[in-house]
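The values are calculated or read from the model by the stated rules, or taken from the named source; none is laboratory data. Fair warning: this is a prediction, and the values are worked out from it, not measured in the lab. Note that each Cβ is placed from the backbone with ideal geometry, even for glycine, and that neighbours are counted across all protein chains shown.
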C-alpha cells in the first residue's frame, strides 16, 4: 500500500506543478506586453511670444459732476423752462418763481430810501442855518453884545445839526443796502443753473417740481449732470490693487452697445479699502463726446496689468501637479520627460512657464494620468489647425 500511495502523491504534485507553470507562463507574458504597451496621449506645441495679464471688473457709470438747482428764496413756481434730457448752458434761467412779493419789497425799499434821502436834505439845511446862527453869535460875542453862555448854546445846536446829518446819511446808506437786498431777492426769482468748474454744458437728469408747486429756499428743483466726460466706478481687491496706476487705459463694454468698446483712463485710486468687502474704489475717466454713455449704466472694464515679451508658452491643460511640484511632460521621441516649471502670466488658455533649461517641442495636454517620467506614449494622428502647429520661437498671437 505504501508504494502506491507514494506514487499517487508524486503524480498529484506533478499535475499541480504542471498547472501552475502553465498558468504562470502566459500571465508573465501578459505583464511583459502590458509594459511594452504605449499610453495614448494628446500633445500641443510649445510656443514663444508675448502674453498679457488682464483683469475684467464690473462697474457702474457715474456722472463726472452733479449739480442740484435750488432757489435761494421761497415761492410758488411759475415756470420750469427745461425738462429731463434737455441740454442746459451755464447761467441759463431754468425756472421762474412768483415775484409779486419781492417786487413789492423793492418798491418799499425804494420808498424808504427816498424818505432817508429827504431827511438827509432836511438835516443839511438845518445845519446850514445853525452854522449861520453860530457865525452871527460869534460876531456878537466879539463885540461884547452876547455872553459866552449864549455862544456855547449856539455852538451846541450847530453840533447837534451836524450829528443829525451823520445819522441821516447812515439811514440813507441803510436804505440803499435794503434796496439792493430786495433787488437781489427779486433776481433770485429767476432761478439760474450756476455751477463751478467743468464744461459749460450739462444735461438735466431729474426734475422735482412742476408749475404751481411751492418750494422753500434751497429746495431742489432740478438735477443737472455732466456726462462728457463720464466716470466709471470699479472696486478691486488687494490681489490686483498694487498693479494699478493712474494713467492706465481700460477697454469698457456695456450691454447698451453690444460689440462696441470705449476707452477709459484710470484717474483716481482710493487710498483705503472698504472694511466690509476688502475692496478699493477706482475711478476711470471716459470721454463721451456723443453722450452715448449714461450714468447708472452697467459696464465691464478690461485692464492690462502686465505684458511679457519673448516668453515660453504652453497650454494650461499641459500643467500637472505631481508630488508637490508643478510641471509638464515634454514629448521626446516615443517617450515623455517630466520637467518642473514655474508659472508666470496667464492669458486665456495659455500660460507662461519658466524652467531651469529651455523647453521646446511638444507637451502632453491629455492623458497625463496614464504616464510618468520616461513613459512610452503614442500620439494619435490628427489634422491640426495651423495655429496649433506654431513651433517655439515664433510670435504668439
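A few points about this structure:
- Residues in the range 179-198 that are within 34 Å of the chain's Cα centre (by Cα) and without any contact (Cβ under 8 Å) to a residue 40 or more places away in the chain: 196 only.
- In the range 136-147 there is at least one residue matching the filter, namely being touching a residue at least 12 places away in the same chain (Cβ under 8 Å), in contact with a helix residue (DSSP H, G or I) (Cβ under 6 Å, 6 or more places away or on another chain) and assigned to a helix (DSSP H, G or I).
- All positions within the range 318-329 that are touching a helix residue (DSSP H, G or I) at 6+ places or on another chain (Cβ under 9 Å) and either buried (at least 18 other Cβ atoms within 10 Å of the Cβ) or modelled with pLDDT of 95 or more (or both): 318, 320, 328, 329
- Count of the range 352-375 residues which are within 24 Å of residue 306 (Cα to Cα) and in contact with a strand residue (DSSP E or B) (Cβ under 6 Å, 6 or more places away or on another chain): 5
- Verdict on residue 273 being in a loop (DSSP other than H, G, I, E, B), crowded, with 16+ Cβ neighbours inside 10 Å and at pLDDT 95 or above: yes
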